Each structure stands twice: as C-alpha cells, then as structure tokens.
Amino acid sequence: MKSTKQFFVVAFSFVLCFIVASSAQLTASAIDEQSGKPDGTIQWEGQPYVTDYTSGVQTKATTGKIIDVSKWQGNINWAKVAKSTDLAIIRVQYGSAVQDYMHKTYEKGATANGVPYGVYSYMQASSSANARIEARNLINRASNNAKFYVIDVEEITSKSGESMRTIVNAYVDELRKHTDKQIGLYIAHHIYSKLNLDTKKADFVWIPRYGSTKPAYRYDLWQYTDRAVVSGISGPVDANKLAPGKKVNDFLKKSPLAKDSGITQTTNNRYYSINPRKVVLKQNVGEYRDTAFKSKVRILKKNTIVAIDDVQILSNGVPRLRLENGNYITANRANVLKVRSDIENYITDVPDRVLLRRYQMIYDSKDFTKQHEVRKYNKNTTFEVASIVYTANGTPRLKTPSGNYLSARKDITRAVPADIKKYYYVSPKQVTVAQDLNVFSTVDFKADEKLRIVRAGESLPIEGIRYTDNGVPRLKIADGQYISAYKARFK
C-alpha cells in the first residue's frame, strides 16, 4: 500500500512537471510567433507593447510611422499599408547566402503604392573581405528604388581576428563605392559598447530597445516594439520612432558622406559586380547551370539582350551574372555590355531596312556629336541597315552599309520590310483598285477581321498610312478600315 502511494506520488509529480514544461514551451512559442522579426536569438531589452498603426498618418513625414518587414510578414497589402505608413524598411538578405524571398514582392508593392522604403541586410560577414562581398550582394539584390541601405549588426560575427569595427567599416566603404544614398547602422543595444562601431562613417544609427525607455546611446531611429498592428499586414510588425527633430525626409536625401568620385558599376573594371539589370552580348557567350561554368546549357548569340536577376560573387572574387532562368553567364565587360534601362524603346534586332518617322541627322560615328554630323534627312527616307552597334553607355545605333549611323529609337525610326518600296509608305491620297481587295477592321488582316470586299475599278480616298508591328504599311480608308498598301494591287 505504501509503495502504491509512492508510485502515484511519483507519477503525479512527473505529469505535473510535463504539463509545466509544455506550458512553458507553448508560451515561448507564442512569444516567438508574436515577434515581428524573429531573426535574432536575443530578446531586446525592455517590454514590447502593442501599438496600433491602423488609424492613419497624422502628419505625413513628420511624426513618422515607420515599419520594418521581412519574409515573416508574409503577404502584405501595400495599398492598405500606404494609408498608415510613412516609411518602410525591407530586409533583402540574411548574410550573403540567404536572399529574403519576399523582398522583391515587397519592393514592387511599396513602389506601386507610393510608400518610400529603404532596405537592410542582416549582417553575417566574418571578415572584411566577406563584408565587401555581402555589401555588393545587397546592392545587386535590392531594387534601384530603395532610398537607403542599412547594415543590421546584431551579432559578433568576426572569425578573421579583425574587430567588428574594422569589418563593418569595410562593409560601409564598399557600399559607398556603389551608391550616393544614405547608409545606416542598426546596432544591437545589448552589445553596443562591445561592438564599438564607428558610427561617424554612417549617415544614421538605428537602435532596438523595446518599451518606453529610449536607447542609452545616440540614435536617429528607435525600434521600440515588435508588436505593432498595421492594416494590410496579418500578424505583428516592428515599429520605429524618430529621434527628436528628425523627419522621414531626412533619410531620403543624398548622403552628405557620399564620395564625390569613385561611385562605379564595379570594383574591378573587368567585371560587372553590381547588377547591370540588362546586358547585350558583345560576342557569342556560353550559358551555364553553375557558377563554375562546368555544365554548359547552350551558346547565346552575339547581340542577344538578356535580363539579369542577380550577381553572384565567387570565393575568388570573380562575379557571375545570373539570368532570370537561374543559369549563369560571364560578367566580363569584354563579353557583355550594360544597356539602357529603357532599351525596349529602341530597335535591337537588325532590320533589313528602316524608315525615318521624322527628319533626323545622320552621323559618321556612333557618338552623335556635332563634329560627326553628315547631313539631315527628311521624314519617310529609307535606309538599308547592315548592323547594330552600341555606345559605351549601352545605346544602340543603326549602322548603314556606307558606314554611317542613325538613331535606333522607335519613336523616330521604324523597322520596315526589305521591299518597302513596293508599298505605299507615303499617303497617295486616293487609289483606284486594280483587283478585288479585302477590307479589314485592323492592320493585322486576320481572317475573322474581314469586313467586306472592294471591287476592281473602285476608287477610294486614303486617310493615311498605318503599320503592323513588323513594319508592313496598310492604307487607312473611311470608318477606321484598312486595305493593302502593296502598289501592284492598284492602277
């Protein structure tokens, strides 16, 4: 009987301990799930409290309702967020190895809804060399619409024997080479003194300390809670307050610490180490499945234009360009050239012939300077095209067989068929039909767009010339209808 009682006492104690332990684990999990950014392993000092941002902005860019987000926020309705938020700060990466898979979606959403934003990287660099690679990855991955960059320093990551001060200085220095935007430091409050970062090299300092007690160190931005409620975001969000006298617009200006010179597209003139976004191939280039270039997929032809998703820096410092399909090509400037951001507004496939849509000057060099002017040609002049060449800044030019150059801009030069002179491309005002002709509702001449037939011998007034997407002219007649412009069809 005594042993039975002892058994029940022991059993009861075990069950009680299990329940307490389970409760503690559930409580810990609940706390983690309530956090707006559970990246770090340290709970910031202070007791975070819930703050409601759903009531709308009181004074735009003055009181500053500022949030920071990462993948933990999931899908965000930026149209709703825009109603209550002055500024967002979006995580782009966790060190160099892990890109935040939501950052591009967030950047597009914020841009589309007029929410200015900066970007940050959770720093994992173990040396100055790694810090520079991580900095270039941040620049490459972040949208050009980002207003500023932040290095998020929450851990002692050095494994090189260098101080964190030295490593972070290298990070800042590398960013300065590629941007004149502001660079901020997010510094963990509990190891602020131990990190000993050189805050004078940064444009602003951002410090987390939850609750109502302000950071013990000078700050420009104070992350005071990870429990903010924001319309458009399900779940808690990190919220931040401006230092007295500080305004949101202060973060959106050009950095006064930016270097006047040396802001380049690469730290090595041989390679693109910053994402060029789109490049044209200066010669045939191999496309590979891997950055080591061991598994070739195919050969991409000269003058092909490809979109670049990212730049990957190899351990030896050599960059590779990652295509949108996940494959890789060289980043060597001898093989690829960054093209204009508005390249879609230019002719980039060599046409047989072009037609001037308005008068323009023809040059004897691809550099359109006054000293290279040849003569001016009138609207509707046609030229044979031998090739397309690019200027140093990635602007395409059309080169004629005689060695002269004209603009490739689609709004002033139209690509047309080689036999364009067999068509009316200047309005004849009136035509007499030589054989029966179909009349269509659009210039595409699709079978289901045929309206009627014009009989041979009939005369028609012509309202103008319109072109198909591939440059074939059509004659526009009354009521927005179209017939062929091929001269042989008319008397």
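In segment 437-447, which residue that is in a loop (DSSP other than H, G, I, E, B) and of a type outside the set (Asp, Glu) is surrounded by the fewest Cβ atoms within 10 Å (Cβ to Cβ)?
Residues of segment 437-447 that are in a loop (DSSP other than H, G, I, E, B), as a first pass: 441-446.
Now restrict to residues that are of a type outside the set (Asp, Glu): 441-443, 445-446.
Numbers: Ser441: 15, Thr442: 13, Val443: 18, Phe445: 17, Lys446: 9.
Ranking the qualifying residues of segment 437-447, first place goes to Lys446.
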Quick check on my filter: what residues within segment 84-112 are more than 14 Å from the chain's Cα centre (by Cα), surrounded by fewer than 17 Cβ atoms within 10 Å (Cβ to Cβ) and not in a strand (DSSP E or B)?
Ala97
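Scan segment 316-360 residue by residue and report those that are assigned to a strand (DSSP E or B) and free of Cβ contacts under 8 Å to residues at least 40 places away in the same chain. Don't jump to the end; show me each part of the working.
Taking segment 316-360 first, the residues assigned to a strand (DSSP E or B) are 319-323, 328-330, 332, 336-338, 346, 353-356, 360.
Within segment 316-360, Arg320, Arg322, Leu323 qualify.
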Exactly one of Ala478, Ala408, Ala434 is surrounded by 12 or more Cβ atoms within 10 Å (Cβ to Cβ), of a type in the set (A, V, I, L, M) and over 24 Å from Ile347 (Cβ atoms), and that residue is Ala434
It is to be established whether one or more residues within segment 247-264 are outside the structural domain of Val318 (by TED's automatic domain parsing), assigned to a strand (DSSP E or B), farther than 30 Å from Val389 by Cβ and not polar (S, T, N, Q).
no
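For residues in segment 360-372 being under 18 Å from Val385 (Cβ atoms) and not β-branched (Val, Ile, Thr), which is surrounded by the fewest Cβ atoms within 10 Å (Cβ to Cβ)?
Taking segment 360-372 as the starting set, the residues that turn out to be under 18 Å from Val385 (Cβ atoms) are 360-366, 368.
Filter once more, so that each one left must be not β-branched (Val, Ile, Thr): 360-361, 363-366, 368.
Details: Gln360: 18, Met361: 15, Tyr363: 20, Asp364: 13, Ser365: 15, Lys366: 17, Phe368: 17.
Going through the qualifying residues, I end up with Asp364.
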State yes or no: is Ser295 in contact (Cβ under 8 Å) with a residue 60 or more places away in the chain, in contact with a Lys or Arg (Cβ under 9 Å, 6 or more places away or on another chain) and not assigned by TED's automatic domain parsing to the domain that holds Gln99?
no
Considering segment 236-246 alone, what residues qualify as being more than 13 Å from Gln73 (Cβ to Cβ), in a loop (DSSP other than H, G, I, E, B) and not basic (Lys, Arg)?
Ala243, Pro244, Gly245
Looking only at residues in segment 448-491 that are within 16 Å of Gln430 (Cβ to Cβ) and assigned to a helix (DSSP H, G or I), which one is modelled with the lowest pLDDT?
Ala478
Failed criterion for Asp290 (all others in (1) closer than 18 Å to Ser143 by Cα; (2) acidic (Asp, Glu); (3) not in a strand (DSSP E or B) hold)
(1)
Among residues of segment 411-431 being in a strand (DSSP E or B) and not β-branched (Val, Ile, Thr), the residue surrounded by the fewest Cβ atoms within 10 Å (Cβ to Cβ) is Gln430
Condition first: in contact with a helix residue (DSSP H, G or I) (Cβ under 7 Å, 6 or more places away or on another chain) and farther than 30 Å from Lys80 by Cα. Can you find one or more residues in segment 287-301 that meet it?
no
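Looking at Asp310, Asp367, which one is touching a helix residue (DSSP H, G or I) at 6+ places or on another chain (Cβ under 9 Å) and among the acidic types (Asp, Glu)? Full working, then the answer.
Numbers: Asp367 fails: touching a helix residue (DSSP H, G or I) at 6+ places or on another chain (Cβ under 9 Å).
Going through Asp310, Asp367 in turn, just one is touching a helix residue (DSSP H, G or I) at 6+ places or on another chain (Cβ under 9 Å) and among the acidic types (Asp, Glu): Asp310.
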Would you confirm whether or not segment 140-151 contains a residue that is within 25 Å of Tyr219 (Cβ to Cβ) and at pLDDT below 95?
yes
Of the conditions (1) out of contact with any strand residue (DSSP E or B) (no Cβ under 9 Å at 6 or more places or on another chain); (2) under 16 Å from Val311 (Cβ atoms), Glu134 clears all except one; give me its number.
(1)
Only one of (1) more than 24 Å from Arg132 (Cα to Cα); (2) modelled with pLDDT under 95; (3) buried (at least 17 other Cβ atoms within 10 Å of the Cβ) fails for Thr63. Which number is that?
(3)
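Identify all residues within segment 361-383 that are in a loop (DSSP other than H, G, I, E, B) and under 13 Å from Arg409 (Cβ atoms); write none if there are none. I'd like the intermediate steps shown before the answer.
Filtering segment 361-383 for residues in a loop (DSSP other than H, G, I, E, B) gives 364-369, 378-381.
Phe368, the sole residue that qualifies.
The values are calculated or read from the model by the stated rules, or taken from the named source; none is laboratory data. Note that this is a predicted model, so its numbers are computed, not measured. Glycine gets a Cβ as well: all are built from the backbone with ideal geometry, and neighbour counts include every protein chain shown.
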